[in-house]
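The values are calculated or read from the model by the stated rules, or taken from the named source; none is laboratory data. Predicted model only: the values in this text are computed from it and were never measured. Here Cβ is always computed from backbone atoms with ideal geometry, including for glycine, and neighbour counts include all displayed protein chains. These accessible areas exclude ligands, DNA and RNA; they are computed on the full protein's heavy atoms, side chains included. Shrake-Rupley method; radii C 1.70, N 1.55, O 1.52, S 1.80 Å.
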Amino acid sequence: MRPYRLLAATAVLLALAHLAGSWAAEPLLPVAPPLAWCAAAGVALTVPALSWWVRGGLAVAGFALAALSLPVGERPNFGWTALRTGPVAPRTWLLWALVAVALVVAVAALPVAGPDRRRTLVTVTLLASAVALLMVRDVVTPPYLTAPGLDVVLPPYLVLVGLAVVAVHRSAAVVVAAGLGLAAVALLGVTAALPAFPAPAAGGLTFYSPLEYQARVGGGIWADVLGYAAAALVLVGCVRAHRRAHGAARPRS
């Protein structure tokens with residue numbers, strides 16, 4: 001078996017372990033998320049048919065996401081509450097900035113495709129959908145939901161949408177754009193507003209089940225599902241774009 005396939009299988013298994021632990025509110029392996037992102041970065045480094053700029057950009061983004069997902073502090077096991085949120089740490093901003101720069105490098109290094117009017121239409125549709133999604137978030141998010149504020153998620157959201165537009169319009173990389181779009185949806189936290197949770201009681205602390213707590217503070221398990229799916233689509237889309245541009249045959253096992 002080729003190394004990148006072994007790393008890909010490892011990343012999938014670790015991601016599934018994290019999702020299963022999140023669903024049960026009892027982590028099977030607390031370090032599963034960073035290990036999964038490291039394995040995904042390893043896939044980017046070892047998969048064939050990628051240029052070094054794309055390879056390096058995706059790998060750096062994967063390692064930065066691994067650092068972002070490292071367990072920090074103690075995990076609460078009782079008294080889940082959605083009444084308190086803390087400020088974003090400078091380290092978090094720096095790591096997200098590193099992810100953004102790495103993705104910009106990777107998308108910019110994708111092969112350039114010829115002009116196509118259909119891609120222009122897709123680009124316009126993508127931009128309209130991105131604006132509509134921002135409006136939907138304000139409408140469907142209850143005021144008591146402790147999802148990240150728009151001032152926090154808007155800059156990275158715009159970066160992801162802009163990269164998706166570039167991937168479609170410049171490189172015809174529809175799969176890459178789909179992955180970046182899924183990442184934007186997960187980041188925006190729209191999934192956090194979908195469950196019909198009652199408002200917390202006035203005064204004092206309000207306690208929730210682990211699943212409800214996770215959904216209130218950032219999308220819960222569905223945000224993780226979208227994030228992992230987005231990473232897979234971006235990686236697969238980059239490989240497909242390079243193979244299409246160079247006419248490379250699919251490597252044998």
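Of the listed peptides 49-56, 108-115, 30-37, what is their order by residue-averaged count of other C-beta atoms within 10 Å, with the highest listed first?
30-37, 49-56, 108-115
Which order do Leu126, Leu158 take when ranked by solvent-accessible area (1.4 Å probe, heavy atoms of all protein chains), largest first?
Largest to smallest exposure gives the sequence Leu158, Leu126.
At a 1.4 Å probe radius, which order do Arg2, Arg91 fall into by accessible area, largest first?
Per-residue accessible area, sorted high to low, gives Arg91, Arg2.
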